[in-house]
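Input: a single structure, listed below in structure tokens.
None of the figures in this text is laboratory data; all of them are computed from the coordinates on show. Because the structure is a prediction, the values reported are computed rather than measured. As a convention, Cβ positions derive from the backbone with ideal geometry for all residues, glycine included, and neighbour counts pool all protein chains shown.
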Amino acid sequence: MTITDSPVRLTAVDAPGQPTVTPELEALYRGLEAELLVPLWTEISGLMPLHPTTKAAAHLWRWDRLVALADRSGHLVPVGRGGERRAIALANPSLGGRPYATPTLWAAIQYLMPGEDAPEHRHTQNAFRFVVEGEGVWTVVERDPVPMRRGDFLPQPGMKWHAHHNAASKPMAWIDGLDIPFQYDVESQFFDFGRDAIGEQERTTPDRSRAERLWGHPGLAPVSAIGATTGTPLLCYRWEHTDRALDDQLALEREGYASTVEPGHALVRYVNPTSGSDVLPTIRAQFHRVARGAETRPRRETGSSVYQVFDGSGTVVVGDTLWSVTRGDLFVVPSWQPVSFASEAGRTDSDSGALDLFQFSDTPVFDKLGLYRSQEDS
Ligand code: GTQ
Ligand code: FE2
């Protein structure tokens, strides 16, 4: 290889901490380039910054625009084997046009027309669905049909067979979250195609899944089935439970008990009923309720999050960026960017005046590797 073919480019600069620029130094740098070598002293501030310097941008997508484009896709793009899903991913503006909401997380709107089926497959990527509006789609996980309705959170650990089926007479939209970018970067992905059509038995649309009948009773685990699973065995966390848990936290606070993370801010995490830990090995999911007129303190953490406004209206501040948000809007909070929320009573469409936010993040990855840090800014 000649020097001009080398992808390594070293520039001698006259700067503090850098060696004096001489013809000999230039010759050394050409020699290093030719051998594909890079010295630390030219790279250190970029490679080893004092705190996370994110490649991702804080960005907001409006739900009404996403739904309009998903609906157009519904009329133009069939769902079937090969393309697999009518899913449209958020592409962070600072990540080179790739379908990455953050450096580790995929977030997409998925859309099924009346009567449509998305074919069965399985993959190592961990996934979940969250429903901000509508009903009528059943996701069939390991041949267990699970109905999806507004407010429901449906985790789906890696390598479980899954298909989706719209049994209703209307189209339905929901969001998907997956660890696709993370698994792409660490090169861990496997994918298998399943049956082209789900069985007749799975077209039945029971009100509750088998997973819920086994695992969906508070504080109780079926002794016949206790055992280690990767990710949660409970395939749906219903809105009525989430709503009540948040309501109770705020009610207890009003009664004088310490029950919220901070005044007016109720927060729950979706957990694996067998262990109390995160529902998926790479993804944490949480739900925030900011009471009418309340605001949260700016907080930052390592790792990135995607939020969807579930109900209400308010303002969100991420670093220097401020958005007015309303139902369905999706936004990204990059690593180590301070984020705070305020509900906006008066402008709200929710009954309570609260701002309800669904959040998912890559925190379990950071947690397991000892890289998690958080900080409150005052
Ligand atoms: O529904 O199975 O948004 O496999 C991306 C990949 C959804 C799914 C996505 C998937 C799915
Ligand atoms: Fe999938």
Could you work out how far helix 239-254 tilts from the main Cα principal axis of the chain, as a 0 to 90 degree angle to the nearest 10?
80
Segments 104-117, 190-203 sorted - mean Cβ within 10 Å per residue, highest first:
104-117, 190-203
Note, ³J(HN,Hα) from phi for segment 49-55, Karplus 6.51, -1.76, 1.60, rounded to Hz, x at Gly and Pro
x, 5, 7, x, 10, 6, 7
Return the calculated 222 nm mean residue ellipticity for the chain, to the nearest 500 deg cm²/dmol, obtained by summing -39500 (n - 2.57) across DSSP H runs with n ≥ 4 and dividing by the residue count.
-5000 deg cm²/dmol
Sorted on mean Cβ neighbours within 10 Å (highest first), peptides 258-266, 162-170 come out as 162-170, 258-266
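Mind checking the full-extension length gain between Glu187 and Glu142? Use 0.36 nm per residue of separation minus the Cα-Cα distance, one decimal, nm.
On the way: separation 45, 0.36 × 45 = 16.20 nm, distance 2.50 nm.
Length gained between Glu187 and Glu142: 13.7 nm.
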For segment 357-364, 3J(HN,Hα) per residue [Karplus equation, 6.51 cos²θ - 1.76 cosθ + 1.60, θ = phi - 60°, Hz, x = Gly/Pro]
10, 8, 10, 10, 8, 8, 3, x
Return the long-range amide H neighbours of Ser313 (sequence gap of 5 or more, or a different chain), with a cut-off of under 5 Å between placed amide H atoms.
Glu344, Asp349, Ser350
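Using the count of nearby Cβ atoms within 10 Å as a rough guide to exposure, how do Val141, Val67, Val13 rank from fewest to most? Kindly include the intermediate steps, with their values, before the conclusion.
Numbers: Val141 25, Val67 18, Val13 9.
Arranged by neighbour count, lowest to highest, Val141, Val67, Val13 become Val13, Val67, Val141.
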Nearest 10 degrees is fine. How inclined is helix 63-76 to the longest principal axis of the chain, computing both from alpha carbons?
80
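Based on the mean of other beta carbon atoms within 10 Å per residue, what is the order of 146-153, 81-88, most packed first?
On the way: 146-153: 20.5, 81-88: 15.8.
Averaged packing, sorted descending, gives the order 146-153, 81-88.
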What does the extension gain come out to for Arg373 and Asp248, with contour length at 0.36 nm per residue minus their alpha carbon separation?
42.1 nm
Quick one: what are the phi-derived ³J(HN,Hα) couplings along segment 12-22, Karplus 6.51/-1.76/1.60 with θ = phi - 60°, whole Hz, x for glycine and proline?
6, 10, 8, 8, x, x, 10, x, 4, 6, 9
Amide H of Ser305: which non-local residues (sequence gap of 5 or more, or other chain) have their own amide H closer than 5 Å, using H built in the peptide plane?
Val333
Give the calculated FRET efficiency between Glu262 and Leu40 to the nearest 0.05, with a Förster radius of 45 Å applied to their Cβ-Cβ distance.
0.60
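Work the Kirkwood hydrodynamic radius out for the chain: mean of 1/r over every pair of different alpha-carbon atoms, inverted, in Å. Each step should come with its number before you reach the end.
Working: mean 1/r = 0.0439 Å⁻¹.
Computed over the chain, the radius equals 22.8 Å.
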Could you give the angle, 0 to 90 degrees to the nearest 10, between helix 23-34's Cα long axis and the longest principal axis of the Cα atoms of the chain?
40
